[in-house]
Amino acid sequence: MNTASGSTRVLVTGASGFVGHAVVAALAQGGRPVRAALRRPLPAAAVPFAPAVQVVQGGELAPSTDWRAALHDVDSIVHCAARVHVMQESASDPLAEFRRVNVDGTLNLARQAAQAGVRRFVFISSIGVNGAQTFGRPFTRDDVPAPHSPYAQAKHEAEVALRKLALETQMEVVIIRPPLVFGPGAPGNFGALIRALHRGVPLPLGAVHNQRSLVSLSNLVSLIDTCVDHPAAPNQTFLASDGDDISTTALLRSLAAALGKPARLIPVPVALLAGAARLFGKTQAVAQLCGSLQVDIGATRSRLGWTPPLRLADALRNTARAYVEQSKL
């Protein structure tokens with residue numbers, strides 16, 4: 001963890017989200033002056049390290065939001081706010097809505113930041129910009145982008161626009177592309193898998209021999225903290241992961257062991273799962289569970305001198321144990 005000087009104020013957007021909340025907590029604990037931008041008010045008790053963190057209402061991430069008050073006296077921004085994957089999509093044109101928020105809203109913030117004299121803009125993007133799956137070769141930062149969803153397409157367009165802005169202004173842009181982020185309290189599919197394992201639900205995932213890269217929340221936060229002021233980070237793109245890959249079957253067995261539960265995994269052939277997925281319109285979900293997605297963080301390690309501080313096995317164990325403790329409350 002870097003310890004910054006008192007003059008380096010960091011604005012964190014999306015500070016009430018899974019990643020943003022952890023970034024605020026870690027930066028404040030590391031001694032940085034932090035300003036947390038929230039979309040809506042939160043009680044003081046819900047803000048991490050509340051006495052050390054200045055909270056502002058940044059409003060919606062939209063093309064017309066006025067960020068001037070939040071940007072006053074800010075040196076760097078960690079931009080976590082975004083419209084994320086929507087499980088029950090209600091927008092008639094999802095790509096247009098992702099663009100409105102994640103492209104136009106982000107560029108509105110970034111332009112105002114550049115005008116306010118913000119030195120560095122750290123943008124949390126997605127490995128989905130690279131693509132949906134890998135086939136024998138991991139993704140690298142130099143791959144030709146192949147975004148696979150409206151969300152990933154909007155993230156890619158935001159990256160392109162931010163790089164252009166960096167060329168036109170004095171503001172440095174740093175892009176981080178994480179794969180699936182997990183940790184205590186993880187939302188989405190990862191949280192659903194832990195709940196199923198804890199309840200002893202049989203899962204048809206006992207014969208999945210893929211390889212997937214993940215990144216624990218603590219390791220992602222460590223990388224973000226490094227990128228806030230590292231001299232080699234400006235105008236670079238960094239891929240993130242825990243540095244180890246794991247199959248879905250091995251992942252579930254590791255989590256079940258840490259939960260103290262038997263892994264009730266049925267060895268259903270992947271081809272059979274894929275066929276059933278096509279019948280029930282769950283092709284993407286099965287691809288995420290059974291396909292490979294590997295990330296090469298060699299360039300991230302070498303340029304920043306950064307190594308994931310927490311091993312994947314330890315991060316999985318910590319996540320499962322945190323779930324067990326929470327379930328007792």
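What angle do you read, to the nearest 10 degrees and between 0 and 90, between the alpha-carbon axis of helix 217-229 and the longest principal axis of the chain?
Between helix and principal axis, roughly 30 degrees.
With the Cα gyration tensor of the stretch 234-323 giving a ≥ b ≥ c as the square roots of its eigenvalues, does the rule (a/c under 1.5 for rounded; else a/b larger than b/c for prolate; else oblate) give rounded, prolate or oblate?
It comes out oblate by the Cα gyration axes.
Suppose each label sits 7 Å from its Cα in the direction of the beta carbon; what would the residue 257-residue 279 distance come out to in nanometres?
3.5 nm
Which distance in Å, rounded to a whole number, links the C-alpha centroids of the stretch 147-222 and the stretch 252-290?
What the calculation gives is 19 Å, centre to centre.
If you roll a 1.4 Å probe over the heavy atoms of the protein chains, what accessible area per residue do you get for the chain, in Å²?
46 Å²
Quick check: from the Cα gyration tensor, does the stretch 63-141 come out rounded (a/c under 1.5), prolate or oblate?
Oblate is the answer for the stretch 63-141, as a/c is 1.5 or above yet b/c matches or exceeds a/b.
Excluding residues fewer than 8 places away in the same chain, name every one of the lysines whose C-alpha is closer than 29 Å to that of residue 261.
Within reach: 282, 328.
Using helices alone, what [θ] at 222 nm do you get for the chain, with -39,500 (n - 2.57) per DSSP H run of 4 or more residues, divided over all residues and rounded to the nearest 500?
Result for the chain, helices only: -12000 deg cm²/dmol.
If we sort 103-112, 21-30 on the protection proxy, mean other Cβ atoms within 10 Å, highest first, what's the order?
21-30, 103-112
Between 0 and 90 degrees, rounded to the nearest ten: what's the tilt of helix 188-199 against the longest Cα principal axis of the chain?
40 degrees
Taking residue 155 as the anchor, which aspartates and glutamates have their alpha carbon closer than 17 Å to its alpha carbon, excluding any fewer than eight residues away along the same chain?
Candidates past the 8-residue exclusion: 93, 97, 104, 142, 143.
The values are calculated or read from the model by the stated rules, or taken from the named source; none is laboratory data. What you see is a predicted model; the values in this text were computed from it and never measured. Backbone-built Cβ (ideal geometry, glycine too); neighbour counts: all protein chains shown. These accessible areas exclude ligands, DNA and RNA; they are computed on the full protein's heavy atoms, side chains included. Shrake-Rupley method; radii C 1.70, N 1.55, O 1.52, S 1.80 Å.
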